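Following this message is one structure expressed as structure tokens.
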Amino acid sequence: MRKAEQALIEQLEARFREVTRLLYDTTVPARVLDEELMPLMAENVTFIDPWQKGGGKETYRKGAAGFHCMLRFDFDIFQLNVQLEPDGKSGRAIVDGVMNLKQFAWLYTYPLRTILVFDFTLQRGEDGGEVLPLIHAHEEMWSFGDMIANVPGVGTLYNAFRDAFSHGFLAASAVCGRLKRAT
């Protein structure tokens, strides 16, 4: 990879860390979302998660502001990667981490394993210098297993089930392997 391309990817990774912080730290005021986040959203931006989907910049803006108003959470990033398409004009950012839902923080913070995917094209900033992502799609994926495992009281039973199922699956795999070798 060329130095210029590597420098651009590092710049974009830093930008997507900031995008993730803005979106997933609900202490960020709506005014800051409008000023710092919305210029990076395309007019036709789409959002999808396991419960909803929608499109359009104004709908996205209202949704982001609404989440910040109604819910309390932040996001711990484990891994973030930006990959550019061969034409160098578009790409994808993937963020792997945990959304910490804090609705009842005095009682429990619910850790939700989350993968974020942002599809973008590249644009020049208003000053014509800095290259910025123009986000066309934002997808939020949650781990169903983690959703169940992190429910207080239910998680213990679910994790016991997972352990038992794992042992049963490995035993069935061993039997299948022996039968296959025997034929």
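Spelling out what I want: for every residue of segment 73-79, take phi, set θ = phi - 60°, compute 6.51 cos²θ - 1.76 cosθ + 1.60 (Karplus), and round to whole Hz; glycine and proline get x.
Going residue by residue, I get 6, 9, 9, 9, 8, 8, 8 Hz, with x marking Gly and Pro.
What lysines does Lys53 reach when the alpha-carbon gap must be under 18 Å and sequence neighbours fewer than 8 apart in one chain are set aside?
Straight-distance partners of Lys53: Lys62.
Also: Within segment 157-174, whose backbone N sits under 12 Å from a point 7 Å along Cα→Cβ of Lys180?
Counting only backbone N, you get 173-174.
Separate question: Under 5 Å between amide H atoms, partner at least 5 residues away or on a different chain: which partners does Val45 have, H built in plane at 1.01 Å?
Those lying under 5 Å, H to H, from Val45 are Gly56, Lys57.
Please list 3J(HN,Hα) in residue order for segment 21-26, calculated via the Karplus relation 6.51 cos²θ - 1.76 cosθ + 1.60 where θ = phi - 60°; whole Hz, with x for glycine and proline.
4, 4, 6, 10, 10, 6
Follow-up question, since we're still on this one. On the full set of protein chains, 1.4 Å probe, figure out the accessible area of Cys176 and give it in Å² to the nearest 10.
Estimated to the nearest 10 Å², Cys176 gives 80 Å².
Continuing with this model, one more query. Leaving out ligands, DNA and RNA, and with a 1.4 Å probe, what % of the accessible surface on the chain is carbon or sulfur? Don't skip to the answer; put the middle values down first.
Values: 6700 of 11390 Å².
Solvent-exposed carbon and sulfur of the chain make up 59 percent of the total.
Okay, moving on. Using the Cα centre of the chain as origin and beta-carbon charges of +1 (Lys, Arg) and -1 (Asp, Glu), tell me which of Leu134, Met147, Val117 is placed farthest towards the positive end of the dipole.
Positive-most Cα among the choices belongs to Met147.
For segment 101-112, in order, what is each residue's ³J(HN,Hα) by Karplus, 6.51 cos²θ - 1.76 cosθ + 1.60 with θ = phi - 60°, in whole Hz (x at glycine and Pro)?
Result, ordered by residue: 7, 10, 4, 10, 4, 5, 9, 6, 9, 8, x, 10 Hz.
Mind running the shape call on the chain? Use the C-alpha gyration tensor, a ≥ b ≥ c as the square roots of the eigenvalues: rounded below 1.5 for a/c, prolate if a/b tops b/c, oblate otherwise.
On the way: a/c = 2.72, a/b = 1.49, b/c = 1.83.
Oblate is the answer for the chain, as a/c is 1.5 or above yet b/c matches or exceeds a/b.
How about Lys57: which lysines have a C-alpha closer than 28 Å to its C-alpha, ignoring those fewer than 8 places off in the same chain?
Here the lysines satisfying the reach criterion relative to Lys57 are Lys89, Lys102.
I'd like to check one number: the per residue accessible area of the chain, probe 1.4 Å, reported in Å² as a whole number.
Accessible area per residue: 62 Å².
Right, next: By per-residue mean of other Cβ atoms within 10 Å, what is the highest-first order of 37-47, 156-166?
On the way: 37-47: 17.3, 156-166: 11.5.
Averaged packing, sorted descending, gives the order 37-47, 156-166.
The values are calculated or read from the model by the stated rules, or taken from the named source; none is laboratory data. From a predicted model like this one, the values you see are computed outputs, not experimental measurements. Every residue, glycine as well, gets a Cβ built from its backbone with ideal geometry; the counts of neighbours run over all protein chains shown. Side chains included, ligands, DNA and RNA excluded: accessible areas come from the protein's heavy atoms. Shrake-Rupley method; radii C 1.70, N 1.55, O 1.52, S 1.80 Å.
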